[in-house]
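Following: one structure in structure tokens, then a few remarks.
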Amino acid sequence: MGSGHEGAERGHFAGPGLTPDGNGPPVDGGASRAVLERLRAIDWSDEDSAWRHENSRALLMREYLRRAALWAEHCGAGRSWPFLDLAEHIDPAVRIPDGTAAELDEVLRGAGPSSVRATCRSAVRWAVLRAGRPAGPLPVLPDLPDLYEPLLVLYERGGGFFVEEFIDLGGAMVRLGTVESNLAARPFLTLAPAALDSLDAEGEITYYAKIGEDHPRSSPRGIVRRRVDDDGRTYDEAFTRNLRWEPTEYLRRYALGHNDVDHVEITGIEAAAFVESLTERLSGS
């Protein structure tokens with residue numbers, strides 16, 4: 001379910017069609033076309049979707065910036081951060097096949113500013129590198145998370161972005177920060193659609209985890225949230241075994257002293273992780 005791609009494989013990448021010693025012609029194996037088709041399906045002008053998914057898109061951008069900082073540190077590419085062409089730093093000989101490159105140019109017409117188009121080309125080129133390469137010793141890749149997957153998911157949930165003083169996602173603003181500040185950021189490893197959807201709701205949201213002796217913050221018995229909309233109306237909701245947010249009286253009853261189950265405020269990242277875990281458990285995936 002979803003598209004969580006946490007962690008590139010450690011060691012040598014021997015793509016399809018390479019000889020046993022790792023030499024051979026560049027082999028794509030359809031990898032770059034798979035990324036191309038994802039890009040082709042994106043509506044780059046879907047402002048409604050950008051607004052509807054502003055919470056999840058902001059977290060996805062923050063996760064991309066964190067991963068880019070990790071890769072920049074590994075490659076000594078701090079000056080290229082945050083929009084890295086990883087293939088250029090790992091194996092500059094890798095090129096997008098001519099036919100795919102021509103189609104990519106057409107797909108990216110109207111895809112927003114140059115930084116968005118550049119990241120799309122970098123994602124396709126990275127797919128080529130991971131599938132196969134020209135003759136020569138294979139590169140050894142570090143055990144770091146896939147750089148481009150958070151961006152691809154972000155694009156699929158409402159198009160691109162603009163970079164000014166902040167990164168403008170067309171519904172949310174994300175501070176760029178520095179390589180150092182992003183290295184220290186909390187990981188957001190949840191890229192499954194259901195978990196991302198659970199973060200997107202109207203209003204200011206505060207999440208809480210129900211905790212107890214056998215249910216620490218990292219493994220709560222459940223989560224609830226309080227939403228306050230633009231008109232000041234408050235909605236208390238729990239994420240249930242029906243895999244959706246439903247009204248709850250828990251917070252009101254707790255405030256009145258009628259509930260023995262304790263709770264602690266948590267982040268959206270922690271809430272998304274709980275949603276993903278519960279969804280996987282109940283769906284048997």
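The values are calculated or read from the model by the stated rules, or taken from the named source; none is laboratory data. Keep in mind it's a predicted model, so treat the numbers as computed, not measured. Cβ atoms come from the backbone with ideal geometry, glycine included; neighbour counts cover every protein chain shown. Calculation scope for accessible area: heavy atoms of the full protein, side chains included, ligands and nucleic acids excluded. Shrake-Rupley method; radii C 1.70, N 1.55, O 1.52, S 1.80 Å.
Averaged over all directions, how much area does the convex hull of the C-alpha atoms of the range 152-256 cover when projected, in nm²? Don't skip to the answer; put the middle values down first.
Numbers: hull surface 38.0 nm².
So the mean shadow area of the Cα hull is 9.5 nm².
Among 42, 269, 90, flag the residue with its Cα farthest along the positive direction of the charge dipole of the chain, charges on Cβ as +1 for Lys/Arg and -1 for Asp/Glu.
Value computed over the given set: 90.
Out of [x] 131; [y] 185; [z] 153, which label holds the value of volume of the Cα convex hull per residue in Å³ that was computed here?
Working out volume of the Cα convex hull per residue in Å³ from the coordinates points to [z].
Of all the accessible heavy-atom surface of the chain, with the other protein chains kept in place and a 1.4 Å probe, what percent is carbon and sulfur?
On the way: 6920 of 14280 Å².
After summing per-atom areas, the C and S share lands at 48 percent.
Could you give the nm distance between label points at residue 101 and residue 283, where each point is 7 Å from its Cα heading toward the beta carbon?
Modelled inter-label distance: 3.8 nm.
So what is the relative contact order for the range 137-285, in percent, with contacts set as C-alpha pairs under 8 Å and at least six apart?
20 percent
Collect residues whose amide H, placed 1.01 Å from N in the peptide plane, falls under 5 Å from the amide H of residue 42; neighbours closer than 5 in sequence don't count.
Amide H to amide H, under 5 Å and 5 or more residues apart or across chains, residue 42 pairs with nothing.
Bin width 5 Å, origin at 0, all Cα-Cα pairs of the range 102-197: what percent of pairs per bin?
For the range 102-197, the binned pair fractions read 2, 9, 16, 21, 21, 16, 10, 4, 1, 0 percent.
If amide H atoms are built 1.01 Å from N in the plane of the peptide, which residues on other chains or at least 5 residues away come under 5 Å of the amide H of residue 263?
HN-HN under 5 Å from residue 263: 211.
How much length, in nm to one decimal, is gained on full extension between residue 213 and residue 181, taken as 0.36 nm per residue of separation minus their Cα-Cα distance?
Values: separation 32, 0.36 × 32 = 11.52 nm, distance 3.45 nm.
Answer, rounded to one decimal: 8.1 nm.
For the range 114-252, with only Lys/Arg (+1) and Asp/Glu (-1) charged at the beta-carbon, what is the dipole magnitude about the Cα centre, in debye rounded to 20?
So the dipole magnitude of the range 114-252 works out to roughly 560 debye.
What is the spin-label model distance, in nm, from residue 93 to residue 79 if the labels are put 7 Å beyond Cα along the C-beta direction?
So the label points at residue 93 and residue 79 sit 2.5 nm apart.
Whole-Hz ³J(HN,Hα) for each residue in the range 187-194, computed from phi via Karplus 6.51 cos²θ - 1.76 cosθ + 1.60 with θ = phi - 60°, x for glycine and proline: what do you get?
Running phi through 6.51 cos²θ - 1.76 cosθ + 1.60 with θ = phi - 60° gives x, 10, 9, 9, 10, 5, x, 4 Hz.
With +1 assigned to the C-beta of every Lys and Arg and -1 to the C-beta of every Asp and Glu, and no other charges, what is the dipole magnitude of the chain about the Cα centre in debye, to the nearest 20?
So the dipole magnitude of the chain works out to roughly 420 debye.
Taking every eigenvalue of the Cα gyration tensor of the range 82-158, multiplying by 5 and rooting it, what semi-axes result, largest first, whole Å?
22, 16, 10
With r as the distance between the Cβ atoms of residue 165 and residue 252 and R0 = 41 Å, compute the FRET efficiency 1/(1 + (r/R0)^6) and round to 0.05. Can you show the working numbers first?
On the way: r = 40 Å, r/R0 = 0.99.
Here the calculated transfer efficiency is 0.50.
Would you mind getting the accessible area per residue of the chain, heavy atoms of the protein chains only, 1.4 Å probe, in Å²?
On a per-residue basis, the chain sits at 50 Å².
With every protein chain in place, what's the accessible area of residue 80 (1.4 Å probe, Å², nearest 10)?
50 Å²
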